[in-house]
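One structure is given below, encoded as structure tokens.
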Amino acid sequence: MMKNSILKALLITALLHCSNFVEGNDNGPPESGRKKRTGLIAKHKQKKDMAKKEAAKYQELRQQGVDEVSNTVEAAAMRDYKLRKKKRKGLIVKRQSSLANVLFPGVSPEDYSPSESIYPITDFVHSKKTNIPFEFYDLPFCKQRKVVKIRKNLGTRLQGMSPKPAPYEMNIKQSHSCLPLCVVNVNGKKIRWLRRLVERQYRVMMSLDQLPVLMRSKELNYAVRGYPVGFKAPPSYTGLKHEEYYLYNHLSFTVTYQEDSEEFEGVRITGFDVHPVSIAHKIDDKTKPKGEAIQRSLMDDEVIGTCNGPNTEEVVNDPSSYLALRLGSTGEDLMVAYSYSVDWQEADLIWSDRWDVYVIGSHDDDVHFFAIVNSLMIVLFLTGAIATIMIRTLKQDIAGYNEMNTLEESQEETGWKLVHGDVFRPPQNHPMLFSVLVGTGTQVGAAIILSLLLSIAKFINPLKKGQTLTSLIVLYVLCGSAAGFVSARLYKFSDEKAWKMNTIMTATLLPGCMVVIFMLLNIWLSFAGAATAVSFFTILSLFGLWVCISAPLVFVGSFFGLKLAKIEVPTKTNQIARFIPEVPWYAAPPLSFILGGVLPFGSVCIELFFIMSAIWLHQIYYVMGFLLAVILILAATCAEVAVVMCYLQLCVEDHRWYWKSFFNTASAGLYLFLYSLWFLISRLDLVGVLPVVVYVTYMSMMSICFGLFCGTVGVLTSFWFTRTIYGALKVD
């Protein structure tokens, strides 16, 4: 903080000196300038004093043991201080805002009328130990009471999400104690499945008024989303010879709200908490399911002695009444009675600050800033290398080559100048595949950059994963014309004739491979009963999107690309290819590929950790501006690495630069895959074969797209570089 204050003071002093110099007053600043300077110094001092007071108050509250997760005024003030940097908006001029405006720009609060009936919305039941989620109603819970159709976009369907109202009815501002819901007959197979879910630490996710449910602990100062299906107790706790599994069958909800008749009408929800309880309710024969029924819904007036019976105490966690997940003493099925309670509490927390507690434990924005600085250091290093090559070496080489007068002098020359007759020889190996890969990489890069720009412009909300995935797919489809155009231009440059096959391959290669991999994985997920298994109609809609929009746009781009004249190059190509001498170790594949991918991957590796944590550890990621900056730095790094590697290759008289320029930077995708394996081993604790297969499959697909983008940047930059340097030569 001291260093920042000194820098600010120096900046203000420099600005004042500049203003005096512009005014040209040798006798000192005029009265207006003196007042302005005094005002700036006073404002800076006031800001500095305010920051010191806030820091001192924060430390005082911490020493007093005040938590940061409750809805008290002190806790809200501590959160506000800790998240002050996250609540600033603006590119150049930062202004203070609320997290509601940062995370959900343009979203207005929902005002509820008293006694209005609402239901929480169910989400996945998932775990950090496995990426195989299930739906809420896949578990042996109570049936859905209210049937409401919730619109789902394409991204939501691809994720397998099926939001439905939970069976817990809540009336605005109406608290009630234990209410019985239903009695479920759980057989041995379901018990074993529930024990496995408890073992793998599955948590139930739901939301109310778009707020995810929270479990808070003021004593431990933590808040975590969702609640566990159950818990496992060791023998030292239960007194048994083995570990015992228990089920949470009662939920105590606490809903905090805000009322302000002067500002708005109605009630605004500001918090949604849950406290799960395991209790073996006393079930009589009247409330048990009849006949072969699996469960029986209970009416509000039906009585369960341990829930809503006369003289019933509050439902709490008591070791003597835990509900164990095991069959009866004679092997009969387990009868589980589900219940819940709701407590409405008015809080001082305002609606715009209700998201603070969800991001209180996330990384500070300074970490993302340091990641960008790290990437910029790599770019600056490469820029220095490029400047050395372009300004010193190439300038001297071109000048010396152009001043040669005799044939004998030109024959004595070596290096990149001697391959001017072969450097633009079209790729001899698989020219169609080469043009298709570059065109597809163009499409991937354009879709990613456009979606990031739309996220920064607040058209896409990254916290709404279904909307983000839908936007990414639609943008990829709409960028098909760019893929067709680039692929056709390169294919025509290669003097090939099968342009129809080239267009078809451009439209089908990447989508076809991805769909085949996705469908094979989807079959496996369907057999496992995972919620992420996609229906046949969703896959059919994807196919229709590709056939009706993507493929025609690729043909349109290919048409315009083929219609244009062939790409002109500054030198003529010899009829017979030049002999290539032995290539040094640093320019020979695969070592050149391995070396080329290090710096592009290094420019994104820090930010990649946060992205992976958001995808696989269910953390919140919303800094799209930082991500766009990292992507642009990645593109610049790939371009500069491609120039350096291409120059080194041409200097050893190797004119076959097309495929090498692609793989020199596309190898960053291999590093991404290796990084994902390290992340799997060190950060994830996946249990079972299928979760590992799902993780490796999706990361392989991401690595392929990442490599295509980097390789495309390398090829296009190398093409520009060769045309530039050979265009400066005077060749007969």
Worksheet item: Can residue 696 be described as under 23 Å from residue 441 (Cβ atoms), over 19 Å from the mean Cα position of the chain (by Cα) and surrounded by fewer than 21 Cβ atoms within 10 Å (Cβ to Cβ)?
Response: no
Worksheet, complete the sentence: In the stretch 302-317, anything within 18 Å of residue 253 (Cβ to Cβ) and surrounded by fewer than 11 Cβ atoms within 10 Å (Cβ to Cβ) is listed as 314
Item to complete: Count, please, the residues in the stretch 238-291 that happen to be loosely packed, with under 13 Cβ neighbours inside 10 Å and either of a type in the set (A, V, I, L, M, F, W, C) or part of a strand (DSSP E or B) (or both).
Response: 1
Item to complete: Kindly establish whether residue 150 is closer than 23 Å to residue 464 by Cα and at pLDDT 90 or above.
Response: no
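Checking the conditions here, which among 196, 216 is at pLDDT below 95 and assigned to a helix (DSSP H, G or I)? It would help to see each step written out before you state the result.
Numbers: 216 fails: assigned to a helix (DSSP H, G or I).
None of the others qualify; the one that does is 196.
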Discussion item. Checking residue 500 against (1) part of a helix (DSSP H, G or I); (2) of a type in the set (D, E, K, R); (3) in contact (Cβ under 8 Å) with a residue 40 or more places away in the chain, only one condition comes out false. Which one?
Written reply: (3)
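To keep it simple, each residue is scored yes or no on (1) under 30 Å from residue 657 (Cα atoms); (2) touching a Phe, Trp or Tyr at 6+ places or on another chain (Cβ under 8 Å); (3) assigned to a helix (DSSP H, G or I); (4) assigned by TED's automatic domain parsing to the domain that holds residue 656.
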site: 467; (1), (2), (3), (4): no, no, yes, no
site: 477; (1), (2), (3), (4): no, yes, yes, no
site: 511; (1), (2), (3), (4): yes, yes, yes, no
site: 514; (1), (2), (3), (4): yes, no, yes, no
site: 519; (1), (2), (3), (4): no, no, yes, no
site: 524; (1), (2), (3), (4): no, no, yes, no
Practice prompt. Mind telling me which of the residues 278, 329 ends up being touching a residue at least 12 places away in the same chain (Cβ under 8 Å) and closer than 28 Å to residue 236 by Cβ?
Written response: 278
Practice prompt. Report, ordered by the first and then the second residue, all pairs with beta carbons closer than 6 Å, sequence separation of six or more or different chains, a first member in the stretch 113-127 that is in contact (Cβ under 8 Å) with a residue 12 or more places away in the chain and buried (at least 18 other Cβ atoms within 10 Å of the Cβ), and a second member that is assigned to a loop (DSSP other than H, G, I, E, B) and of a type in the set (S, T, N, Q).
Written response: 127/201
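Yes/no per residue for (1) closer than 29 Å to residue 576 by Cβ; (2) surrounded by 21 or more Cβ atoms within 10 Å (Cβ to Cβ):
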| site | (1), (2) |
| --- | --- |
| 659 | yes, no |
| 664 | yes, yes |
| 670 | no, no |
| 679 | no, no |
| 684 | no, no |
| 690 | no, no |
| 709 | no, yes |
| 713 | no, yes |
| 727 | yes, no |
Response to the item:
Filtering the stretch 77-127 down to residues that are at pLDDT 65 or above, not aliphatic (A, V, I, L, M) and not in a loop (DSSP other than H, G, I, E, B) yields 79, 80, 81, 82, 112, 117, 122, 123, 124, 126
Worksheet entry | Tally of residues being polar (S, T, N, Q) and either in a strand (DSSP E or B) or not assigned by TED's automatic domain parsing to the domain that holds residue 303 (or both) across the stretch 128-187 | 3
Discussion item. Can you find a residue that is at pLDDT below 90, assigned to a loop (DSSP other than H, G, I, E, B) and not aliphatic (A, V, I, L, M) anywhere in the stretch 639-652?
Written reply: no
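Which members of the stretch 583-602 meet the condition of being farther than 28 Å from residue 728 by Cβ and either part of a loop (DSSP other than H, G, I, E, B) or at pLDDT below 80 (or both)? Step through it out loud before you land on a result.
If we filter the stretch 583-602 for residues that are farther than 28 Å from residue 728 by Cβ, which is where we start, we get 585, 589-591, 593-594, 597-598, 601-602.
Scanning the stretch 583-602 gives 585, 589, 590, 597.
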Worksheet item: In the list 457, 483, 446, which residue meets the criterion of being without any contact (Cβ under 8 Å) to a residue 12 or more places away in the chain and farther than 17 Å from residue 542 by Cα?
Response: 457
Fill in: Yes/no for residue 640 being over 30 Å from residue 453 (Cα atoms), of a type outside the set (S, T, N, Q) and not assigned by TED's automatic domain parsing to the domain that holds residue 451
no
Discussion item. So the check is Cβ under 8 Å with 6+ separation or different chains; which pairs have a first residue in the stretch 575-587 that's free of Cβ contacts under 8 Å to residues at least 24 places away in the same chain and a second one that's surrounded by 10 or more Cβ atoms within 10 Å (Cβ to Cβ)?
Written reply: 585/591
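The values are calculated or read from the model by the stated rules, or taken from the named source; none is laboratory data. Note that the structure is predicted; figures quoted are calculated from it, not measured. Heads up, the Cβs are rebuilt from the backbone with ideal geometry, glycines too, and the neighbour counts pull from every protein chain shown.
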